[in-house]
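What follows draws every value from the coordinates through simple rules; no lab data is involved. Keep in mind the model is a prediction, meaning the values are calculated, not measured. Cβ placement follows ideal geometry from the backbone for every residue including glycine, while neighbour counts extend to all protein chains displayed.
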Amino acid sequence: MGMLELFMWMPLALAFLLSMGDESSSSFLPVDNYLLACGSPVDIHFQGRTFFRESVFETHALELKTQQESAAVTSDSGAPSPIYQSARIFWGRASYIFSIRQPGQHWIRLFFYPFPNSHQNLSSASITVIADSAVLLKDFTFTEYDHSYVFKEYAVNIPSPTLSLTFIPSGNSFVFVNAIEVVSVLSNLSVPNDFSLEHHSEVVLETAYRLDVGYKSLATRNDYLGRNWEGDETYLASNTRALDISVDPYYIHDNSESTIPAIAPKWVYATAKAIADARSPNLSWVFPANPNYRYFVRVHFCDVINITNFNLFINDVAYKRVDFLSKFRQFSVPHYLDFVVSTRGNNLRVSVAPDRTANSTNAILNGLEIMKVINQVRTLDRRTLSIIVKSIFGAVAFLVLTTVALYYLKAYRSRRASELPRFHAGFTLQEIREATNNFDQCLLLGEGGFGKVYEGTMDTGKKVAIKVANPHSRQGFQEFQNEIELLSKLSHQNLVSLIGCCNGDSQMILVYELLANGSLSGHLYGTNFVTLSWRQRLEICIGTAKGLHYLHTGAARSIIHRDVKTANILLNENFVPKLADFGISRKGPPLDKSHVTTLVKGSFGYLDPEYFRTKYLTEKSDVFSFGMVLMEVLCGKPALDDTRPTEHINLAKWASSFQEKGTFPEIIDPFLIGQVNLDSLNKVCKLAWKCLEESRKNRPPMGYVLFELEDALHLELASPLWQVYVHCAIDVVAENGINDEKEQDVA
C-alpha cells in the first residue's frame, strides 16, 4: 500500500475505532471506500467520517471527465452541515470514473443541497444521474424540497473494475452535486431468488426507509458504514400498543449467519418494540409507497425479552413464522429476513403479531429496511444527439428488427419445440415410456382437459407424475408452451414443481413432482376418499390462498390462474397443497389497466359470471373460483353434479337457496358436525359468500382471503374440544327444537 493510500484510510479507520467500541466486527472495512467532498478545497469531517477533497483521489483512483467546464462553489451560510457547504457544478455531461478493487454490490450515496449562490440559482437545476447503465435519477428537480437538502442512497452491482457515475443536465439546465460515496456493501443485499425477478445481478435498490425500532429519538443515527437509521415513531400505526425495549448492546450475541455490524450495528438489535397490551392483536408500521414498484424488505429481529415465536405480516398477509429458539437455541441472537413485495395501494404495511397457534402472547421487531427495486434499465432521452444520428439509428434498428422477426417466424413454423425454455430437463420419449412401463393403464392417475396423467419412475428411482397430451384435446401446443414458460419463472411452496418436458415425435409431455395424496376433490367426494378434518381443510385452503396470492402479487405483473378448482389442488404426503395446471393461465392487467379482455376459458361451475358475460379477466376471477373451492370444502360436494336433481346440480345456486332461507347449516358436510369450532366455520362461510359476489368490485383480494382463513384456523385451534361439542349441542337445540332427552344425548 502506497503512502497516499495509507493517508486515505487513516481518518476513516481512526473514526471507526473511536466510535464502535465493543463491536465484534471492528476489523471489517470496505475494500472500496470513496468519500468525496465535491468542490471542497479541504477535507470535511461529517458524521464521524472524513470526506476527502477531489484532488486526494485524482490520478490513482478517480478520473473526472467533462464535456464542458465545471466549477467548484462554496457557501458558509444556511447549509445544514459542513458536507453541504461545497458543490461542483457541471453545465454539460460529466462523469466521475472510480477504480473498483472489489467488483460486486456497492453503496452509491449522493448529497444535494441548493445553497444560495450569487452566481448560480442551484435550486433551478434539473439532474439525471446514471451509474454505468442504471438510471438512478431522471430529470430530478428541487421544486418539492423547499430548499432543504436531498440525500439519495442506492445499492448497485458493479461487475467491472471501474464505475462511471455520470451527471447529465436536462435541456439548457445544469447539474451539481455536493458529495458522493462509493462504498463496498459488506452484507448481502441480493434479491431472493424465489421472487421471479429477471437479471438479479442488474437489480438496483434505492433506500426508502431504514428504522432503528425502539430508538426513542426522531434524530437519525449514522453507523460507521454510512447508513442512516431513524426512529420508528413516525410510521407506527398505533403507539398505544407499543412498548419500547432497550438493552445493553454488550449482551447481543454474534450470529454466524449475520456479520455484525455489516448487517446492522448492535445498537439496532439492542432496541425494539413489543406489544404493550396483551389484548392488542398486533403492532403495525405503515409507509407511503409507490404502487408502480416492488420493494425489497429486510426485517431485523433479536429476542431480547425471551419471546420464542410470533408471526410477521407484510401488507396484512402472513409472510413468516419467526421462531428464535428452534433456530438458535439461545436468546439475544440477531436474525434478519429478506422479502420482495408488491403493493397495489399507496401504502406498505409491516406487522408483527403473536402466534396464536403456539400460545404466543407477544411479538417483537428491532429494525426494518425498505428499498425500492429498480429492475429495468430505463432509456434516456439523448437530447444532445443530432437528428441525423437518430434517423440512422432508427433505420438500422428497423432493418435489424425486421430481419430478426422474419427469422423467428420461419423458425417457429419449422421447429416449434425450439421455442421451449431450455432450463428444464428434456426427456426423450423412450425415457418416458420406460418410466411409465409403456403407459401402463395400471399407472394411470387421472385424466383432464390436456390429457392423461400417469405415475412414473425415472431411472434415478424418483417418482414423478407424467402428463401426456391428448392429440384430440382442445388444449394444444399453446397451453403446453404456456405451462412450461410460467412454471419456469415461478417458485413457491404451494405451486406444483415442473421437473421437465418432452416434445419428441410430435408428443407433448410434461413431467411434474408426484404428489402422493392426489387432489383435494378426491378427498372431499372422490371414490374411496379419506375424509379431512376441519383443521386439515383450513390448512389446505390457506396454502392454496398463499399460492394464489403469490401469483397475483409476487411478480411485476400479476398472473391469473383461470382454472382454480379442487381437482387442480394437489396434496403431497403431508397434505401440503400445491396449485397445478397452468395451461390456460395468463398475465393480468398492467397497473394502469383494470382488466384484460380475453376469450373465456375455465371450468364450468367455477367460472366468474362477470368474466363470462364481459370477457373482462381480473385477479378477482380467481377469487370467485376460490370461493367455489371454499363452498366444496364446507359442503363436501362437487361444484357441478348432474347426478343430483336439476335444482341441485349447481352447488352455488343450491347453497344460495339454503342461505336465503337461513338454513345453510343443513347443507354443511355431515362429517363436520360436532367436529368443528362454529366461530371458525361461520367465518369461512361468510368469506365464501364474499368471494362469490356477482360483481368483482365486491369480492375481496386474495390477501384479505388469506388473512381471514388464517384467523379461522386460529379460532379452530384456540377452542378446546369440549367447547366444540357444547356449542354444537346448543346450536342443534336452537335450530331443530330437540327435546331434553335428545339434548342430554348430544351433550
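The figures follow:
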| quantity | calculated |
| --- | --- |
| Other-chain or far-sequence residues with amide H under 5 Å of Val31's (modelled H) | Ser184 |
| For segment 200-374, projected area of the alpha-carbon convex hull averaged over all directions, nm² | 10.1 nm² |
| Given charges at beta-carbon only (K, R positive; D, E negative), |dipole| of segment 581-678 in Debye | 360 debye |
| FRET efficiency, 1/(1 + (r/R0)^6) with R0 30 Å, evaluated for Asn698 and Asn228 via beta carbons | 0.10 |
| Spacing of the two label points (7 Å from each Cα toward its C-beta) at Leu29 and Lys593, in nm | 5.5 nm |
| Full-extension gain in nm, Leu64 to Arg433, via 0.36 nm per residue minus C-alpha separation | 126.3 nm |
| Spin-label pair Ser99/Thr74, simplified geometry with 7 Å Cα→Cβ offset, distance in nm | 2.8 nm |
| Efficiency of FRET from Cβ geometry, Ser123 and Arg613, R₀ 45 Å, rounded to 0.05 | 0.25 |
| Label-zone membership for segment 592-635, site Ile649, 7 angstrom Cα→C-beta point, backbone N under 12 Å | 605 |
| Per-residue Cβ neighbour rank within 10 angstrom, fewest leading, Trp91, Trp107 | Trp91, Trp107 |
| Additional length obtainable on full extension of the chain from Gln47 to Ala516, 0.36 nm per residue less Cα span | 162.9 nm |
| Pairwise FRET efficiency - Ser55 versus Arg321, Cβ, R0 = 35 Å, nearest 0.05 | 0.05 |
| Note, ³J(HN,Hα) from phi for segment 596-607, Karplus 6.51, -1.76, 1.60, rounded to Hz, x at Gly and Pro | 10, 8, 7, 4, 6, 9, x, 10, 4, x, 10, 5 |
| Estimated inter-spin distance, Ser217 and Asn292, nm [label 7 Å along Cα→Cβ] | 3.8 nm |
| Cα-centre dipole for segment 26-145 with unit charges at Cβ (Lys and Arg positive, Asp and Glu negative), debye to 20 | 140 debye |
| Difference of contour (0.36 nm per residue) and Cα-Cα distance, Asn470 to Lys661 | 64.2 nm |
| Ranked list, fewest to most other Cβ atoms within 10 Å of each Cβ, for Cys541, Cys685, Cys302, Cys442 | Cys442, Cys685, Cys541, Cys302 |
| Candidates per chymotrypsin sites (Phe, Trp or Tyr not before Pro) in segment 604-710, loop by DSSP, up to 12 other Cβ within 10 Å | Phe604 |
| Burial ordering of Glu181, Glu447, fewest other beta-carbon atoms within 10 Å first | Glu447, Glu181 |
| Label-reachable residues, segment 557-574, where backbone N falls under 14 Å from a point 7 Å from Val530's Cα toward its Cβ | 571-574 |
